[in-house]
Amino acid sequence: MLNKYFNYFFSIKSALILLSLYAVSIALATFIENDYGTIAARAIIFNSWWMELIHIFLCVIFIYNIFQYRLYHVKKIPILFLHLSFIFIIIGAGITRYISEEGVMRIREGSLNNQFISSNQFLEFKIHNGSQQYSGQKELLLSSLTNNKFSIPVKFNNQKISIDYIDFIHDPTNELIIDDGAGGKELLELIIPSSAGGMQSEYVFKYENKEIQGLDVGFSIKETVDLNIYQEDSVFYFLSKHDVEFMKMSNQSKGVLLKNIKHPFSNKTLYTILGKNLVFKNYFPHAALREKPSSIKNDDAKLDLLKVKVSVLDQDTIIDLYGSRGVVASKEYFEFANLFFSFSYGSRIRSLPFAIFLKDFQLSRYPGSDSPSSFASEIQVLDGDKKFDYRIFMNNVLNYKGYRFFQSSYDQDEKGTILSVNKDKLGTGVTYFGYLSLLLSVISVLNSRYSRINILSRKNNI
């Protein structure tokens, strides 16, 4: 009975079932990527444990059937090549997944660079007490659709420390919560132009300051800032270290308010400081803010929010970390439980064994249009005493020392290039061998005297 199930599990029928499941999963991943972004598709489908299990089972089944049906005989060469093609393509994909490196490289005209930013994201942390230090990291693949929970135990200087996942919010935006009771804090709501067009709200709590469009805006703080808003007898005023232009929306009257002088801060008035516009919209005596996703689909151009809890003995604190794929992680420093911590979430910087100098970035447009038709990078590779020129464009890839550089994008001022970087020589070679084996399978089917096609052909000739 056991042998019966064993033979069924390793049969071609099982392989066909797994291949069908594989095809459905890839199709599903396409819809997930379209609706929720690439990271969500990777987390749910491509990098899932069950997808790895499918790959392993398929590989084992193909290897088992090679020996079970003695496909290494001359008469069965076409089928052998077909099995080998699947085996090598799967192994190549595994090597690419676990060994390869990929990322993006930015270079400005007249500058050189020997580093690129990884596509993978990491939680990195350091702990020290003034004399000893502990460093750690964990690669993360977080999405709004998956269970992202993790826990990292650390033993440092005979102290048990735990780093635990709390929440992940992609493309976070503030959601206002108004509390009519005694909860919450005093809060100002300001309206500013949005980078995507239209207007957006910015919030400032009392006794705090916040950078808004490059302006340092405070609410009843003691420091001198670009704009300090405060309240006296239920009336709002402001002080600014810059002259402030204003325009009242009711009658379109305009003027200039001098710096370092107290002025009323009114609703329905457009204030302009150093070319930056803002409008006073609301004051809330009891309010709070919480983060929520700004859209369903994750935007790689925006920072995500990772909340982690750091526990030391019976004490804990929650840390907010902002990061995104392709963005170098900024570090958060803090002191807690008599220890010093450094945390970051995002991509890492990888170094190359050579440098690339951007001589010229070239962009061509369609006649009579601002739409780019093609763009290319005239670069020079510098590797010790060795140097050579090269032109990277859409279908012309730089392949050097196992690294492949593709023309990906460019800076908005057209003075810099963005290259995609990939290091996967072994994985690519194994995968290409699998494609070659697949081609040989087709050729051998057409040419082998033992193939079904040729056998039927000979019978028809007779």
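Some observations on this one:
- For segment 67-74, 3J(HN,Hα) computed residue by residue from phi via the Karplus equation (6.51, -1.76, 1.60; θ = phi - 60°) reads 8, 4, 9, 6, 6, 7, 6, 4 Hz, glycine and proline entered as x.
- Only Cα pairs under 8 Å and 6+ residues apart enter the sum, and on that basis the relative contact order of the chain stands at 20 percent.
- Integer Hz, Karplus 6.51/-1.76/1.60 couplings in order for segment 220-237, x for Gly and Pro: 6, 10, 8, 6, 7, 10, 4, 8, 10, 9, 8, 10, 9, 6, 6, 10, 9, 10
- Per-peptide average of other Cβ atoms within 10 Å, ordering 33-42, 128-137, 437-446 highest first: 33-42, 437-446, 128-137
- Tensor-based shape of segment 46-95 (alpha-carbon gyration tensor, a/c under 1.5 rounded, otherwise prolate or oblate): prolate
- By average C-beta atoms within 10 angstrom, highest first, the peptides 118-126, 277-285: 118-126, 277-285
- The mean of 1/r over all pairs of different alpha-carbon atoms in segment 319-376, once inverted, gives a Kirkwood hydrodynamic radius of 16.0 Å.
- Taking the helices alone, the chain has a mean residue ellipticity at 222 nm of -8000 deg cm²/dmol, built from -39,500 (n - 2.57) per DSSP H run of at least 4 residues and averaged over all its residues.
- Ranked packing of 82-88, 208-214, most packed first, by mean Cβ within 10 Å: 82-88, 208-214
- Distance between segment 37-109 and segment 237-313 - C-alpha centres, whole angstrom: 52
- Relative to the longest principal axis of the Cα atoms of the chain, helix 425-447 runs at roughly 40 degrees.
- Surface/4 of the Cα convex hull for segment 188-264, nm²: 5.8
- Cα gyration tensor shape of segment 84-127, rounded if a/c is under 1.5, else prolate or oblate by comparing a/b with b/c: oblate
- Backbone HN-Hα couplings from phi across segment 14-30 [Karplus 6.51/-1.76/1.60, Hz, Gly and Pro as x]: 5, 4, 5, 5, 5, 5, 5, 4, 4, 5, 5, 5, 5, 4, 4, 4, 4
- Taking the C-alpha atoms of segment 130-173, convex hull volume expressed per residue in Å³: 110
- Calculated on alpha-carbon atoms, Rg and Dmax of the chain in Å: 30.4, 109
- For residue 357, the accessible surface of its heavy atoms amounts to roughly 60 Å² (probe 1.4 Å, protein chains only, rounded to the nearest 10).
- P(r) tail fraction, segment 48-159 - alpha-carbon pairs more than 24 Å apart, %: 59
- Counting only heavy atoms of the protein chains and using a 1.4 Å probe, residue 98 has close to 150 Å² of accessible surface.
The values are calculated or read from the model by the stated rules, or taken from the named source; none is laboratory data. Predicted, not measured: the structure shown is a model, and the values here were computed from it. Cβ coordinates were reconstructed from backbone atoms using ideal geometry, including for glycine residues, and neighbour counts include every protein chain displayed. These area figures cover heavy atoms from the full protein model, side chains too; ligands, DNA and RNA do not enter into them. Shrake-Rupley method; radii C 1.70, N 1.55, O 1.52, S 1.80 Å.
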